[in-house]
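The values are calculated or read from the model by the stated rules, or taken from the named source; none is laboratory data. Because the structure is predicted, anything quoted here is derived from the model rather than measured. When we count neighbours, we look across all protein chains shown, and the Cβ atoms used for this are built from the backbone with ideal geometry, even at glycine. Accessible surface areas use protein heavy atoms only, side chains included; no ligands, DNA or RNA. Shrake-Rupley method; radii C 1.70, N 1.55, O 1.52, S 1.80 Å.
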Number of protein chains: 2
Amino acid sequence: MSKIVPVILCGGSGTRLWPRSRVTRPKPFIPLLGRRTLFEAALDRCNDPQQFAAPVIVVGEGHLAFARPQAAGVTQGARFIVEPFGRNTAPAIALAAHALDPDDVMLACPSDQHVADMGAFRRAAADAATLAGDDWLVAFGIEATAPETGYGYIRRGERLGTGFRVEGFTEKPDRATAQAFLAQGGYAWNGGIFAFRAGYYLSELARYRPELAAQVATAHRQREGDGMTWCPQREAFAAIAAESVDYAVMENATRVAMVDAAMGWSDIGNWDALASRRETDAGGNIIVGPGEVVDGRGTMIDSDGPNVAVVGLDNVVVVVDGNDVLVVSRDAAQAVGRVTRCKNQ
Amino acid sequence: MSKIVPVILCGGSGTRLWPRSRVTRPKPFIPLLGRRTLFEAALDRCNDPQQFAAPVIVVGEGHLAFARPQAAGVTQGARFIVEPFGRNTAPAIALAAHALDPDDVMLACPSDQHVADMGAFRRAAADAATLAGDDWLVAFGIEATAPETGYGYIRRGERLGTGFRVEGFTEKPDRATAQAFLAQGGYAWNGGIFAFRAGYYLSELARYRPELAAQVATAHRQREGDGMTWCPQREAFAAIAAESVDYAVMENATRVAMVDAAMGWSDIGNWDALASRRETDAGGNIIVGPGEVVDGRGTMIDSDGPNVAVVGLDNVVVVVDGNDVLVVSRDAAQAVGRVTRCKNQ
């Protein structure tokens with residue numbers, strides 16, 4: 001079997017991890033867990049020459065300066081597709097598919113997730129590639145461990161070789177629905193990781209979103225750059241309507257499959273999720289940088305310099321970054337995106 | 001009637017208001033409410049030449065550099081007694097008494113309190129001075145408005161001219177006792193403000209603490225400096241056992257009186273008390289410096305520069321001062337003194 005081509009998607013600004021993540025220094029490119037950035041870790045996972053080809057990295061033009069040196073530290077021969085604007089995942093994956101041989105199997109991976117078990121990831125990738133080679137559109141199904149309302153859910157159907165047929169997608173259910181999914185079983189989270197045969201993805205995109213597919217083809221045909229780094233034509237790309245691969249393709253197609261991926265996955269979607277992935281100290285807190293917790297548990301301090309003391313508070317996160325200080329209840333971590341200042345920086 | 005001599009006592013480092021208050025920049029000398037420091041406001045209250053003589057300021061040698069210029073901005077002719085070490089209030093008031101004529105009435109005032117109603121303060125001072133002139137040891141009785149466990153309580157006895165006889169003191173009662181005091185009525189908080197005839201205070205101190213009184217007399221006799229600024233002799237002062245005027249004198253003496261002082265008093269003993277004295281904005285929060293509260297009420301941000309965002313938390317205080325950040329539940333404000341770093345700075 002030929003090698004899988006990793007397609008690393010560097011979109012999103014990660015405003016809910018403000019102030020550490022900023023528009024000018026976004027989430028994939030900062031070390032949040034350990035010394036590696038999430039982007040570096042995403043490349044690490046696909047850095048096995050037995051299984052994977054060199055990656056294709058789709059990145060916004062503002063972030064190329066982060067992505068290129070970090071990629072060079074991990075892998076040789078990475079290709080870069082530089083988007084002048086973000087147009088969500090359906091166009092991004094289509095650009096990458098145009099850059100490949102139609103029979104290449106691509107594995108589209110967000111660059112801003114945490115995966116604890118690299119072996120499980122690679123086994124799932126192999127399972128997915130097998131199905132993708134037979135013209136299935138394959139999603140990674142992440143073991144659902146809590147009734148999260150911020151994720152998409154995939155309903156598992158009948159056995160299908162190395163995976164399962166997908167019976168349906170439910171995007172961001174309410175709490176009661178999510179709880180029912182967990183109680184019923186047979187549901188997995190949609191981790192946003194997909195395996196496709198490049199040519200089949202383009203044909204399915206053309207079937208369900210013909211205008212979008214044609215616009216991407218035009219933007220690719222009129223691209224600027226060389227084989228290693230190129231940009232879609234600016235005006236043609238600007239004309240494309242942003243749409244996710246889930247809405248544009250997965251939810252419409254018939255040959256949709258999933259593979260089980262129990263790999264310790266997290267999208268590190270907010271400070272609470274990040275705190276959950278860090279080790280606590282003997283007092284039940286997490287202290288990165290100079291800090292102290294008095295009479296508190298489940299509290300995280302993450303300071304880039306200033307001394308932080310938290311007194312008499314459980315389950316809060318305090319982040320100091322440059323000239324900004326965030327104090328947030330872990331329960332309210334999703335609301336960080338509503339801080340005025342984090343929209344501008 | 002002769003003028004009252006204000007004796008302003010600058011003791012205590014105010015560690016519970018860390019990080020704004022520090023050992024090297026203590027609570028009385030920083031602006032906490034409005035533009036005036038608490039020390040300046042204490043001098044303001046006694047700055048009526050009809051009622052008050054020039055003040056005597058008792059100050060630790062590390063704080064003279066703060067006290068002298070601030071006093072010069074308010075009043076002329078202030079005298080300074082510079083303590084080489086803190087020995088609590090009984091010795092401090094005795095040093096001041098030695099510097100006065102025995103028939104002078106002195107009004108000993110902490111320098112780190114907030115008084116909202118200056119007129120009420122001056123009326124209480126006049127009432128207290130009348131009794132002190134008749135050789136009563138007179139305490140200011142602050143209207144007790146809550147079952148505070150951190151204060152001393154004074155039991156009001158029979159009418160005595162401009163005040164009342166004191167039937168007893170209870171230092172820092174437990175919550176149930178404090179609640180019972182409020183329910184019964186007849187109890188006031190001990191505000192730490194006292195009026196004495198100087199000679200009578202020294203004679204009562206000699207009666208109940210003869211050794212302490214003799215040590216202070218020695219330290220005063222061997223003083224260094226001039227009439228406007230002097231220090232008690234260092235070794236002699238060092239030998240004195242620290243003791244409060246409450247324990248050394250007030251709780252032992254028989255001619256003890258109080259005056260009612262309903263003057264909007266607060267000792268600004270911690271960040272919760274300080275927040276309670278500041279005005280809230282339309283959202284029910286207090287924001288000093290660049291800050292924002294998302295989904296919270298009763299929260300105070302006080303930043304000397306960095307931007308602070310508080311998300312999803314009620315009733316917390318966030319203080320940024322130089323290289324230090326404090327985050328504290330208002331309920332736990334007393335525990336700030338337990339932060340390791342605040343002991344060293």
Q) Between A:Asp101 and A:Asn323, what FRET efficiency follows from the Cβ-Cβ distance if R0 is 60 Å, with the result rounded to 0.05? A) 0.75
(Q) What FRET efficiency comes out for B:Tyr208 versus B:Arg35 if R0 is 35 angstrom and r is the Cβ-Cβ distance? Round to the nearest 0.05. (A) 0.25
Q. Given only helices, namely DSSP H runs of n ≥ 4 each adding -39500 (n - 2.57), what is the per-residue ellipticity at 222 nm of chain B, to the nearest 500 deg cm²/dmol?
A. -7500 deg cm²/dmol
Q: Return the value, in Å² to the nearest 100, of accessible area buried between chains B and A (probe 1.4 Å, both sides summed).
A: 2300 Å²
Q: Report the charge-dipole magnitude of chain B in Debye, nearest 20, computed about the Cα centre from +1 at each Lys and Arg Cβ and -1 at each Asp and Glu Cβ.
A: 340 debye
Q: Mind computing the radius of gyration and Dmax over the alpha-carbon atoms of segment A:15-83? Å is fine for both.
A: 12.3, 39
(Q) With the alpha-carbon atoms as the only input, what is the per residue convex hull volume for chain A in Å³? (A) 138 Å³
Q. Given B:Ala275, A:Trp136, A:Cys46, which one lies farthest toward the positive end of the charge dipole of the protein assembly as shown, if we put +1 on the Cβ of every Lys and Arg and -1 on the Cβ of every Asp and Glu?
A. A:Cys46
Q | Rotationally averaged projected area of segment A:79-149 (alpha carbon convex hull; nm²) | A | 6.5 nm²
Q. What share of the DSSP beta bridges in chain B is antiparallel, in percent to the nearest 5?
A. 50 percent
Q: State, to one decimal in nm, how far the label point of B:Thr149 lies from the label point of B:Val288, with both points 7 Å from Cα in the Cβ direction.
A: 2.7 nm
Q) When the Debye formula is applied to the Cα atoms of segment A:272-345, each taken as the same point scatterer, what base-10 log of I(q)/I(0) results at q = 0.11 Å⁻¹? A) -0.25
Q) Given charges of +1 on the Cβ of Lys and Arg and -1 on the Cβ of Asp and Glu, with all other atoms neutral, how large is the dipole of segment A:122-213 about its Cα centre, in debye to the nearest 20? A) 120 debye
Q: List the DSSP H helices in chain B whose Cα atoms stretch 15 Å or more along the helix axis and whose mean Kyte-Doolittle hydropathy is at least 0.0.
A: B:118-133
Q.
Let me check the size of segment B:35-160 from its C-alpha atoms; what are the radius of gyration and Dmax in Å?
A. 15.3, 45
Q) Does segment A:121-265 come out rounded, prolate or oblate by the C-alpha gyration tensor, with a ≥ b ≥ c the root eigenvalues, rounded set by a/c under 1.5 and, if not, prolate when a/b is larger than b/c and oblate if not? A) prolate
Q. Across the residues of A:309-322, average count of Cβ atoms on other protein chains within 10 Å?
A. 6
Q: Give the calculated FRET efficiency between B:Gln233 and B:Lys172 to the nearest 0.05, with a Förster radius of 30 Å applied to their Cβ-Cβ distance.
A: 0.30
(Q) Could you work out the percent of alpha carbon pairs in the protein assembly as shown separated by over 48 Å, rounded to a whole number? (A) 39 percent
**Q.** Ordering of A:253-265, A:199-211 by packing [mean C-beta count within 10 Å, highest first]
**A.** A:253-265, A:199-211
Q: For B:Thr340 paired with A:Glu158, estimate the spin-label separation in nm (one decimal), with each label point 7 Å from Cα along the Cα-to-Cβ line.
A: 6.4 nm
Q: Sort largest first and round to whole Å: the equivalent ellipsoid semi-axes of segment B:229-280, each the square root of five times a Cα gyration tensor eigenvalue.
A: 32, 21, 11
(Q) Please compute, for the alpha-carbon atoms of segment B:188-345, the extent along each of the three principal axes and give them in descending order in Å. (A) 60, 37, 29
Q.
From Cα pairs below 8 angstrom and at least 6 apart in sequence, can you work out the relative contact order of chain A, rounded to a whole percent?
A. 20 percent
Q | For the protein assembly as shown, size of Cβ-based charge dipole, Lys and Arg +1, Asp and Glu -1, in debye | A | 460 debye
Q | Cα lying deepest toward the dipole's positive end in chain A, options A:Ile93, A:Gln113, A:Thr145, charges on Cβ | A | A:Ile93
